[in-house]
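Shown below is the structure under consideration.
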């Protein structure tokens, strides 16, 4: 018999969980649209060169590659290498495809381009709880706005969307790569090493200060420099932007962060929080300015993240186009909601079972169902089982609100039998 | 500069087309749900063995295969074959993954299982207009109902859904593989050749009688048998079920088809049509009984298709489980709608532009936008351009309904400047 479990790191979704996922996705998409963003779509498949040569950080090691087809695939060649075998890969995020999309379609797009992307991405991660190899991302991006108004609008829209889903008391952490880079260089790292140090530094949450120190030493950086850097990080996760301003008086990012933080605080009206976090780094290589994440004591990892990538599109079109994006971690959010409620038990008011007997005229049964559907119900027709009480109990577990036995004039509560 | 067009056979979707696609997908999903079906999801990635050993007909030659990763990929081996290189593939339809899904999750599923699947599938077809390598399918299936009530419900639900999208005067063509098989055997083909003859016969629409004859002769079937078969097909595309009943008096499929056709006609109330088509074959190897398609003189290929596959799940679970499905050709439908209307010009009543000036307080602009959003508008904020008339004209082309210039008390029509 063939293997019937899904491939490693992927999942089948049962109807109850799927209803939750659809509900959350609809809230996100509608909220994004109401806030003036427009949905686009790019293919799952991308040119392997585009993926391989991008600044995707550790994701570059996680690309699923597609075998060449037909005459393009020559297995008779000696000393085959991966590049002989593949010409496409599956997208590992939605930001790189968006840059290609913008480059391809820019003649038809108005700037600023405020864009929604919702769809699956693929990463060959080591499978573990909450980490899938095929998963959804829900992104908004603003292309063509170099001002901080773009950040303010993205943060405001994402925060409102998270609140609509039901999240409260979260905090937006924000930093700027230009501050991070200057701090890294100020302790003695070379400019060409800043990105690499930055990506190691992003693991602070997971591996701690000692882990960051060890990993930097492993990369053969000078021990004194590393220790100066570790000392600079400070103890608290959050730092004082004013103090940083004194340390780096020339850094223009400081004033920008101040402005974003003040504006978002005013818009947030204490419904959520925003704070500077000097230790926030983010893992992608392509961020050039602001970076941000949404965290909360209620869950142990970020539920949204993003940042500014002003030089990514330039690599495709020849001149830089400012861009900034914010991505909601759809899978994390669904997992948190699933852990909170037993969604398999959630009753849906409008979901009815119309129960019929072998002897009932089937066309009339369907017409009765259609009548109920026209008054707004979701109606599933099903045959009566021998033990109606047991059938009702099962329907209740499935989330049906009530049942109508064909021929009866009244609906029945599922707890009644 | 890197290649920025999408990979061959795939597409980028611009906002206006995406709005049409989202609208159609929402109608389909809501209609399916209202008719008592529940949505599930399977991964895009599947075990290569499952795909390769399936009865997917010509689709088996069109599978995108994923390169093995890490230590599993050994390129030092001599005489490498494809099977050394790949362990997964992208799904080419939603029916095979559904069978695997059912086998994997059957302990948690109630029968009959009425299921919705909406999602992308991948086929390495030769790209041509209307034929993509990555495209959506929208399927409903009923698992666990051997009676013709399943067919009646699928046809009724699909027809209602097509009507909600705006299609009228279409015809459901229906046949039964058991009739086709008996006809094929009755002219002298061997039982083991029936499926292969059937799949060639399915191309009748595209290559005509002469093409079918030529392709069968190419496969080295006996010329006399082939000619007897060609004569049996008859001239008209549709045939008389009563005549077939006389020809094949023992065939139980004839009564079943009669019952389905009569029932659907009663439910259709002349809103659409259903007729027997003795030349309908369908390309998949796995169909075992009824097969059906939706056609219309208004468009030149089927917009929906499906059939019964009672033995597919059995190959995975060890005992046969009846199953039947109907798939709406989402891409065909969107193409027909796009050809009909210029969707880039479609105005959306609730879509507003809030136009502000560099000098306006940005927080107040956002608050004004939020206020309009709370009364049900989709509001995009954007900076005022030098030529407001030209900006208005561009917004109208994008589908905006009106604009509010920040500070004004009244909205402006986009044609007014």
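The values are calculated or read from the model by the stated rules, or taken from the named source; none is laboratory data. Since the structure is predicted, the reported quantities are computational estimates derived from the model, not experimental observations. A quick note on method: Cβ atoms are made from the backbone with ideal geometry, for glycine too, and the neighbour counts reach across all protein chains shown.
Output the number of the condition that residue B:49 fails; it satisfies all remaining conditions of (1) surrounded by fewer than 15 Cβ atoms within 10 Å (Cβ to Cβ); (2) more than 7 Å from chain A (Cβ to nearest Cβ).
Every condition holds for residue B:49 apart from (2).
Oh, and also: Does residue A:63 count as farther than 30 Å from residue B:383 by Cβ, at pLDDT 95 or above and in contact with a strand residue (DSSP E or B) (Cβ under 6 Å, 6 or more places away or on another chain)? Working first, answer last.
Working: farther than 30 Å from residue B:383 by Cβ: yes; at pLDDT 95 or above: yes; in contact with a strand residue (DSSP E or B) (Cβ under 6 Å, 6 or more places away or on another chain): yes.
So residue A:63 fits the description; yes.
Additional query: Residues of the stretch A:281-301 being in a strand (DSSP E or B) and surrounded by 20 or more Cβ atoms within 10 Å (Cβ to Cβ), which ones? Show your work before the answer.
We begin by selecting, within the stretch A:281-301, every residue in a strand (DSSP E or B); these are A:290-296, A:299-301.
Within the stretch A:281-301, A:290, A:291, A:292, A:293, A:294, A:295 meet the criteria.
Count, please, the residues in the stretch A:87-122 that happen to be touching a strand residue (DSSP E or B) at 6+ places or on another chain (Cβ under 8 Å) and under 17 Å from residue A:54 (Cα atoms).
Adding up the residues that qualify gives 17.
Here is a check on your reading of the model: is residue B:339 more than 14 Å from chain A (Cβ to nearest Cβ), surrounded by fewer than 19 Cβ atoms within 10 Å (Cβ to Cβ) and closer than 21 Å to residue B:112 by Cβ?
Values: more than 14 Å from chain A (Cβ to nearest Cβ): yes; surrounded by fewer than 19 Cβ atoms within 10 Å (Cβ to Cβ): yes; closer than 21 Å to residue B:112 by Cβ: no.
No: the conditions fail for residue B:339.
Just checking, how many residues over the stretch B:63-110 are touching a residue at least 40 places away in the same chain (Cβ under 8 Å) and farther than 20 Å from residue B:138 by Cα?
Looking only at the stretch B:63-110, we keep the residues that are touching a residue at least 40 places away in the same chain (Cβ under 8 Å), and these are B:63-64, B:87-103, B:106.
Checking which are farther than 20 Å from residue B:138 by Cα leaves us with B:64, B:87-89, B:103, B:106.
Number of matching residues: 6.
Considering only the stretch B:260-273, state which residues are away from chain A (no Cβ under 14 Å) and not in a loop (DSSP other than H, G, I, E, B). Please lay out each step first, then the result.
To start, the set of residues in the stretch B:260-273 that are away from chain A (no Cβ under 14 Å) comprises B:270, B:272-273.
B:273, the sole residue that qualifies.
Give the stretch A:345-365 a look and list any residue that's out of contact with any strand residue (DSSP E or B) (no Cβ under 7 Å at 6 or more places or on another chain) and either within 8 Å of chain B (Cβ to nearest Cβ) or within 21 Å of residue B:39 (Cβ to Cβ) (or both), or say none.
A:345, A:346, A:347, A:348, A:349, A:362, A:363
Kindly list the number of the only condition in (1) more than 17 Å from residue A:100 (Cβ to Cβ); (2) part of a loop (DSSP other than H, G, I, E, B); (3) modelled with pLDDT of 95 or more that fails for residue A:324.
Of (1) more than 17 Å from residue A:100 (Cβ to Cβ); (2) part of a loop (DSSP other than H, G, I, E, B); (3) modelled with pLDDT of 95 or more, only one is false for residue A:324: (2).
Just give me the residues in the stretch A:38-60 being touching a strand residue (DSSP E or B) at 6+ places or on another chain (Cβ under 9 Å) and on the phi > 0 side of the Ramachandran plot, in sequence order.
none
I need the full set of residues from the stretch A:7-35 which are facing chain B (nearest Cβ under 8 Å), out of contact with any helix residue (DSSP H, G or I) (no Cβ under 7 Å at 6 or more places or on another chain) and assigned to a loop (DSSP other than H, G, I, E, B), in order please.
A:7, A:10, A:11
Given the criteria in contact (Cβ under 8 Å) with a residue 24 or more places away in the chain, over 29 Å from the mean Cα position of the chain (by Cα) and within 14 Å of another protein chain (Cβ to nearest Cβ), does residue A:369 qualify? Before you say what the answer is, go through the steps one by one.
Details: in contact (Cβ under 8 Å) with a residue 24 or more places away in the chain: no; over 29 Å from the mean Cα position of the chain (by Cα): yes; within 14 Å of another protein chain (Cβ to nearest Cβ): yes.
Taking the combined requirement at face value, the residue does not satisfy it.
Working carefully through the options A:246, A:273, find the one that is without any contact (Cβ under 8 Å) to a residue 24 or more places away in the chain and more than 13 Å from residue A:180 (Cβ to Cβ). Lay out the reasoning, then the answer.
Working: A:273 fails: without any contact (Cβ under 8 Å) to a residue 24 or more places away in the chain.
The match here is A:246.
A further question on this structure: Does residue B:226 count as assigned to a helix (DSSP H, G or I), within 21 Å of residue B:287 (Cα to Cα) and at pLDDT 90 or above? Break it down stepwise before answering.
On the way: assigned to a helix (DSSP H, G or I): yes; within 21 Å of residue B:287 (Cα to Cα): no; at pLDDT 90 or above: yes.
Judged against the criteria, residue B:226 is not a match.
In the stretch B:62-76, is there at least one residue being under 24 Å from the mean Cα position of the chain (by Cα) and part of a helix (DSSP H, G or I)?
Looking for residues that are under 24 Å from the mean Cα position of the chain (by Cα) and part of a helix (DSSP H, G or I), one finds at least one in the stretch B:62-76, hence yes.
Would you check if residue A:68 is touching a strand residue (DSSP E or B) at 6+ places or on another chain (Cβ under 7 Å) and either more than 7 Å from chain B (Cβ to nearest Cβ) or surrounded by fewer than 17 Cβ atoms within 10 Å (Cβ to Cβ) (or both)? Before you say what the answer is, go through the steps one by one.
Numbers: touching a strand residue (DSSP E or B) at 6+ places or on another chain (Cβ under 7 Å): yes; either more than 7 Å from chain B (Cβ to nearest Cβ) or surrounded by fewer than 17 Cβ atoms within 10 Å (Cβ to Cβ) (or both): yes.
Taking the combined requirement at face value, the residue satisfies it.
Then there is this: What number goes with the only condition from (1) buried (at least 21 other Cβ atoms within 10 Å of the Cβ); (2) over 26 Å from residue A:244 (Cβ atoms); (3) at pLDDT below 95 that residue A:157 does not pass?
(3)
Is it the case that residue B:181 is in contact (Cβ under 8 Å) with a residue 60 or more places away in the chain and within 22 Å of residue B:59 (Cβ to Cβ)?
So residue B:181 does not fit the description; no.
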